[in-house]
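Participant: For reference, the structure I am asking about is given below.
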Amino acid sequence: MLSMLSNLCLSNKTEYGTKASALGELMKRGEEVPNGFALSSEFFIEFLHYNNFQYSPEDYLAYNEEICKIILNGEFSSEMETKLLKFFKNIKNKEVQGKYAVRSSALHEDNDMYSMAGMFSSFINLNSFEKIKISIKKCYASLFSDKVIAYLVNNNLDFKELKMGVIVQHFVIGDYSGVNFSVDTINMDRDIMHINVVEGLCDNYVSGRSSSAFYKINKKTGDILDESIPEKFLSPSKDSIGRLYKVTLKIEKIFGKYQDIEWTIRDNKIYILQARPITTFKTKSFKVMWENEDESKYTWYRECDKPYQSLINELNLIQGEALNKGFYATGFRDFYTEYCVQNGYFFYRDKEMINSKEQEQNFLKKIEKLHGHYKNIFQDVLLPELLLLKKDLDSYISRELSPEEVLVFFEKSIEYMKFLASNHCPVTHGCDYLDIFMEYYKNITDDFNVDDFYDLVFNISILNKERELYAKMANEINSNPILNEMFKACPYNELLYARLKKVFESKKLLQLIEEYTSLFGICNLDSEVNSPYLEPLLMEAPFKIVGHIRGFLNFTNENFKDSIDDSIKNKNRIKSSILSKLDKEKGKDFLKKLNLAQKAYLARDNHHYYFERMTKSYLRLALVEVQKILMKNDKIRHKEDIYFLTVNEIKDTLLNDSNFKDIVNERKEIFNYQNKLFAPPTIGKEYVKKINSIDEKQFKSGIREQTVLLKGLSGLRKKIKSKVKLGMPTYLEEECILVVPFTRCGELEPIVNNVKGIIVEVGSPFEHLGILAREMNIPVIYNVKNAMSILKEGDEVELDGFVGEVKIIKK
């Protein structure tokens, strides 16, 4: 259970962890490593047993805090302590400085797939056996820290493998320390080595506390190609850099893999503190195989920097073809999107639509005809058909299915995805009538203002109910000090949700989450139209809701209800006022037009719900059922194997005795190879970036005079000031005004707490973002030309919703 480092080799990694075993291997190969010993994972397990550890892996998520406390307060048995003391004395007798280090060597750590660098605790500069024992327990406890448990959940790693080895060794106080990368992981160049150096301890480099010197080395010759030395930095000798270069080459050769190496130099001797495989390097040998030579004449753009599995790529192509069908039906874009797969990576290009104008005119005539019959393309034409398809698919959920039923469910879920994709573009024009109605409204009223118009066409949508539930959940948290503190203390949604389930005070909150899941469990939280993955739905992973609740913690349920009630009251007032001025026939016409406008208002929010958050929901559930059948019948070994089959192979194996295990293994090997490829951002014809110029002289002049005004369409009469944040981030630490290129560029809900206002280059107040912003009392200025170019991150601006202007106050 304990071993001197010098007695270990790489084959011991399943007992002592890769870090300890690698150091033992290096000692055997003649490298200088600080003397020490290692505790195996078996020693860790014995420690847990001795302290009456009662938790199973299923408990780790909810009880990791308690587990950490038990470990920290635990004791070593007399037998364990005797062994520790024996090994400690063994290295103590040979130690001059009297300082020690205790380092983690978890079994999950430093492997070929996951380095988990910085996840676990290590301790340096220790000077007694008692401090070493305490540090060992702290290492053990770090195995159950919030960030480690959350990492395992997010990467689908098995909690059963959560075991810890520990290294106890001399602590060398170095003159210089640093980290070497045996290859260039930035430009993915295998012929370049990077050496990073700090004065003093290696921890100074890893933590970033000290400025470091940087050396770019030609890996073949050892020549220094470039160097960056901080001011007043006492550089190590060129001889030291040369020796670091040679030892890095040697270590890479020993392990046969590119290495990330921590080291320190004391009295001109190099000590290796750690060596682990680099997991981020990608090879540039990306070979493109065109189906026909004409494809190489165009610029193709990479969709993602990771390859997709066989099934994902096939489903993406099916969905892409359906989306193109919708683009062609409307003609509102003068191009299609064409797709291709190269080495598992998904690429796309814009392809000219020859007759787009003709298609656009035909579509507009169709829309106009529908409007003439007071019908909306989404609410009256496509939604009824969609609901019938959805009702049919719902019949396959939450019951035991035969292989034949799973096959039908799978086929229908693909058809549902195609239906939504092919109609995605046409139904985005469901709110077009609002522009027509606005002009009509202006002609029948003497005192037009934008706020009144928004209230007049306002209607309660499906997602309005969702936002109401968020506000109720946020109110429950804000009114309960225990829940409030829990949300502040734990940033990890998976862990927080698990902890909520064991706290009595969260009963009402969990009931609201259950109510939410019953209504919206079939959805994803975010838009999934452009997502290649089939993520677990809310009904499968309700902890995801916690992240969105955080975004509403500054809003009260009362304020939300007041906002809705005020809109409805104002709506009824305006409607009554208009009807009192119109004769009977014109009044009927007004009500019909208003009803159509209300449908148009609903169209965008409902489009977001059905067409953007549910595109692949049923496909996800169908594939879960496929996994169950194939696993049960021993057709695949692992759940994820399903993604290495094609659509037809899935159909075949559901009904026949086909076995694709060997094919799956081959495709997994290919996929692992593809994961190590550096896929270029574009392939085919070289991409030439277009630059939009701005009159810099005029712009700077305006800044000096503080008269630079950007104008647009206001969504709410309100004036605010704040700093600019470009884009739609997933997390915000402080209040800001967002500046976005268009309304459909991300989800507002998770960050709505800190959004004071929004500036949009292109968009409409009746997009989903606009509707949410009004309900949350957030002012938005739409159609602000060049906002993304003119405004910069951190600029202080004033957003005036009364006049639709943005004023730059301070650059």
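Participant: Taking 7 Å along the Cα-to-C-beta vector as the label spot, tell me the K257-D191 distance in nanometres, rounded to one decimal.
Facilitator: So the two model labels end up 2.6 nm from each other.
Participant: Sticking with the crude label model, points 7 Å out along Cα→Cβ, report the distance from L582 to R243 in nm, one decimal please.
Facilitator: Distance between label points: 9.1 nm.
Participant: Straight-line reach from K599: which aspartates and glutamates have Cα under 12 Å away, leaving out those fewer than 8 places along the same chain?
Facilitator: Those aspartates and glutamates meeting the cut-off are D380, D432.
Participant: How many nm is it between the label spots at M539 and S56, if each spot is 7 Å from the Cα in line with the beta carbon?
Facilitator: 2.6
Participant: Further, regarding this structure: Could you tell me which of the pairs K238/K282; K306/K676; K216/K269; K418/K635 are separated by over 18 angstrom between their Cα atoms in the structure shown?
Facilitator: Working: K238/K282 30 Å; K306/K676 9 Å; K216/K269 22 Å; K418/K635 28 Å.
Those over the limit are K238/K282; K216/K269; K418/K635.
Participant: Related question: For the chain, report the accessible area per residue in Å² (1.4 Å probe, heavy atoms, rounded to an integer).
Facilitator: Numbers: 38350 Å² over 811 residues.
Accessible area per residue: 47 Å².
Participant: Using volume of the Cα convex hull per residue in Å³ as the read-out, say which of (1) 209; (2) 295; (3) 190 was calculated from these coordinates.
Facilitator: Working out volume of the Cα convex hull per residue in Å³ from the coordinates points to (1).
Participant: Then there's this: Can you give the FRET efficiency to the nearest 0.05 for S296 and K216, using r as the Cβ-Cβ distance and R₀ = 41 Å? Spell out each step's value before the answer.
Facilitator: On the way: r = 34 Å, r/R0 = 0.83.
For R0 = 41 Å, the calculated efficiency reads 0.75.
Participant: List the lysines whose alpha-carbon lies under 24 Å from that of K719, not counting same-chain residues fewer than 8 positions away?
Facilitator: Candidates past the 8-residue exclusion: K561, K569, K571, K711, K756, K785, K792, K807, K810, K811.
Participant: If I compute solvent accessible area with a 1.4 Å probe over the protein chains, what percent of it on segment 509-618 is carbon and sulfur? Provide the component values of the computation, followed by the final result.
Facilitator: Numbers: 2290 of 4530 Å².
Its accessible area is 50 percent carbon and sulfur atoms.
Participant: Separate question: Do any trypsin sites (Lys or Arg not before Pro) in segment 363-458 lie in a DSSP loop with no more than 16 other beta carbon atoms within 10 Å, and if so, which?
Facilitator: Details: sites: K365, K366, K369, K375, K390, K391, R399, K412, K418, K442; in loops: K375, R399.
When the trypsin sites (Lys or Arg not before Pro) of segment 363-458 are filtered for loop state and at most 16 Cβ neighbours within 10 Å, K375, R399 remain.
Participant: Give me the percent of the accessible area of segment 284-405 that comes from carbon and sulfur atoms, probe 1.4 Å, all protein chains in place. Can you show the working numbers first?
Facilitator: Working: 3490 of 7020 Å².
Carbon plus sulfur share of accessible area: 50 percent.
Participant: Restricting to Cα pairs below 8 Å that are 6+ residues apart, what does the relative contact order work out to for the chain? Please round to a whole percent. Working shown, then result.
Facilitator: Working: 1418 pairs, mean separation 86.4, N = 811.
Relative CO of the chain lands at 11 percent.
Participant: For the chain, what is the percent of antiparallel DSSP beta bridges, rounded to the nearest 5?
Facilitator: Working: 75 of 87 bridges.
Taking every DSSP beta bridge with both residues in the chain, the antiparallel ones total about 85 percent.
Participant: Leaving out ligands, DNA and RNA, what percent of the accessible area of segment 3-44 is carbon and sulfur, probe 1.4 Å? Intermediate values should be presented prior to the final figure.
Facilitator: Numbers: 590 of 1380 Å².
The computed percentage sits at 43.
Participant: Using a 1.4 Å probe on the protein heavy atoms only, what accessible surface does S576 show? Give it in Å² to the nearest 10.
Facilitator: Probe radius 1.4 Å; accessible area of S576 about 70 Å².
Participant: Can you run phi through the Karplus equation (6.51, -1.76, 1.60; θ = phi - 60°) for segment 290-304 and list ³J(HN,Hα) in whole Hz, with x for Gly and Pro?
Facilitator: 7, 5, 9, 5, 4, 4, 6, 7, 10, 8, 10, 9, 6, 7, 8
Participant: At a Förster radius of 45 Å, what calculated FRET efficiency corresponds to the Cβ-Cβ distance of N648 and Q361, to the nearest 0.05? Could you put the intermediate results ahead of the total?
Facilitator: Details: r = 40 Å, r/R0 = 0.88.
Given R0 = 45 Å and the Cβ-Cβ separation, E is 0.70.
Participant: Still on this structure: Taking a ≥ b ≥ c as the square roots of the Cα gyration tensor eigenvalues, with a/c under 1.5 meaning rounded and otherwise prolate when a/b beats b/c, else oblate, which class fits segment 114-164? Don't skip to the end; give the middle numbers.
Facilitator: Values: a/c = 3.26, a/b = 2.38, b/c = 1.37.
Note, shape of segment 114-164 comes out prolate.
The values are calculated or read from the model by the stated rules, or taken from the named source; none is laboratory data. All figures in this text were calculated on a predicted structure; none of them were measured in a lab. Glycine gets a Cβ as well: all are built from the backbone with ideal geometry, and neighbour counts include every protein chain shown. Areas reflect the complete protein model, heavy atoms only, side chains present, ligands, DNA and RNA absent. Shrake-Rupley method; radii C 1.70, N 1.55, O 1.52, S 1.80 Å.
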